[in-house]
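Every read-out reported here was derived from the displayed coordinates using simple, explicitly stated rules and does not represent laboratory data. No experiment lies behind these values; they were computed from the predicted model shown. Here the Cβ positions follow ideal geometry from the backbone for every residue, glycine too, while neighbour counts run over all protein chains shown.
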Amino acid sequence: MTPSTTICVLTYGDYFSLAQRCLDSILKYCCRAEYRLVVGANAVSPETLRWLEELHATGVIDTLHQSSENLGKCPMMRRMFADVDTDYICWFDDDSYVLEPNALSERLRLANLAPSSTVMWGHEFYFSEESNFSTNADVGSFVESSPWYRGLTPPSWIPGGKGEWNFEGRGVGDGRWFFITGGCWLIRTAAIRELDWPDKRLADNCPIKRADDVILGEAIRQQGWRVTDIGPCGVKINDAPRRGTG
C-alpha cells in the first residue's frame with residue numbers, strides 16, 4: 001500500500017538534539033505505513049550527519065538530501081519536494097515535534113474530508129504589518145510580480161487592501177497577512193506543484209526569505225483556495241529560538 005503522505009523534516013546546523021527530538025517523535029507517534037520520510041540535512045554537524053546517514057542506510061529515512069553549505073530553507077525545500085509523489089506533504093522544521101499518537105492521522109482525516117478547494121492545514125496566525133516579517137521589502141510588489149498572482153489586491157491598510165475600503169468601519173483596507181505557521185503543516189502536493197513552491201525568488205538574498213510561510217498563505221489566497229486552522233493538533237511547534245541568518 002502506497003502511503004498518502006510524505007513527511008519532510010528540515011534539519012540544520014549544529015543542533016543534533018533538535019533533529020533527534022523531531023525525528024524520534026515522528027517514529028514514535030506516527031504510523032509508519034502512513035508516510036514516507038524525506039530529510040534535508042542543511043549544513044548539519046558531523047554528529048547529526050552520521051546519525052541521519054545511519055537512519056537512511058537502515059531504511060528509516062527514505063530519502064536524504066545533504067548539503068555541506070547552508071542553502072537556506074527554501075532552496076533545500078525545493079530539493080526535498082522534487083520527487084514527492086504522495087497526495088500530501090507534511091512539513092516539519094526540526095524545532096517542532098510530535099506529542100500525540102493521532103497527530104498525523106487526525107490531519108489526514110481532516111484533509112480527506114475536506115473539499116478540494118481546501119489545500120492546507122495547520123496552526124494559523126496573522127501579521128498586521130509587513131515590517132513584522134520583512135526587512136525593508138515591498139511585499140505587495142513581490143506578490144503582484146509573482147507567477148502565482150491572480151489579481152487579488154494584497155493585504156494593506158491603505159484603502160483597497162484585500163479589496164476592503166472601510167475595514168471594520170475605519171476607512172482603511174485589510175492589512176492582515178494570514179498564514180499557517182511554517183514549523184509544521186500539511187498541504188496537498190497538487191497545490192505545491194501548481195504553485196511551483198517554494199517560489200524560486202525566496203533565495204538567500206531575498207529580504208522576505210524568513211517569511212516563506214506568510215507568502216505561501218498569500219499565494220494560496222490568490223488561487224481562491226482555503227486553509228484550515230487546526231491549532232497545534234498534537235504537535236509542539238517552533239520550540240526553539242530562531243536560528244540562522246535573516
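Listed highest first by mean packing, meaning other Cβ atoms within 10 Å per residue, what order do 229-237, 138-146 come in? It would help to have the intermediate numbers written out before the result.
On the way: 229-237: 18.0, 138-146: 16.0.
The densest-packed peptide leads the list: 229-237, 138-146.
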Placed amide H near TRP185: partners under 5 Å, 5+ positions off or other chain: TRP91
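Divide by every residue of the chain the summed helix terms, -39500 (n - 2.57) for each DSSP H run of at least 4, and state the resulting mean residue ellipticity at 222 nm, rounded to the nearest 500 deg cm²/dmol.
Values: 7 runs with 70 residues, N = 246.
The helix-only estimate for the chain comes to -8500 deg cm²/dmol at 222 nm.
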Pairwise label distance in nanometres, THR58 with SER17, each label 7 Å out on the Cα-Cβ vector: 2.3
Amide H contacts under 5 Å for ASP138, restricted to residues at least 5 apart in sequence or on another chain and with H modeled in the peptide plane, are none
Which ³J(HN,Hα) values, rounded to whole Hz and listed in residue order, are derived for region 124-131 from phi using the Karplus coefficients 6.51, -1.76 and 1.60 in 6.51 cos²θ - 1.76 cosθ + 1.60 with θ = phi - 60°, glycine and proline given as x? 8, 9, 8, 9, 9, 9, 4, 5
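About the Cα centre of the chain, how large is the charge dipole given +1 on each Lys and Arg Cβ and -1 on each Asp and Glu Cβ? Please answer in debye to the nearest 20.
That gives the chain a dipole magnitude of about 240 debye.
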Magnitude of the Cβ-charge dipole of region 60-167, K/R +1 and D/E -1, about the Cα centre, nearest 20 debye? 280
For the chain: lysine pairs under 26 Å (alpha-carbon distance), excluding those fewer than 8 apart on one chain: 9
I need the P(r) histogram for region 21-92: all alpha carbon pairs, bin width 5 Å from 0 out to the longest distance, whole percents. 3, 14, 27, 27, 21, 7, 1
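Taking 0.36 nm per residue of separation and subtracting the Cα-Cα distance, what length does fully extending ASP85 through LEU113 add?
Working: separation 28, 0.36 × 28 = 10.08 nm, distance 2.04 nm.
So the extension gain works out to 8.0 nm.
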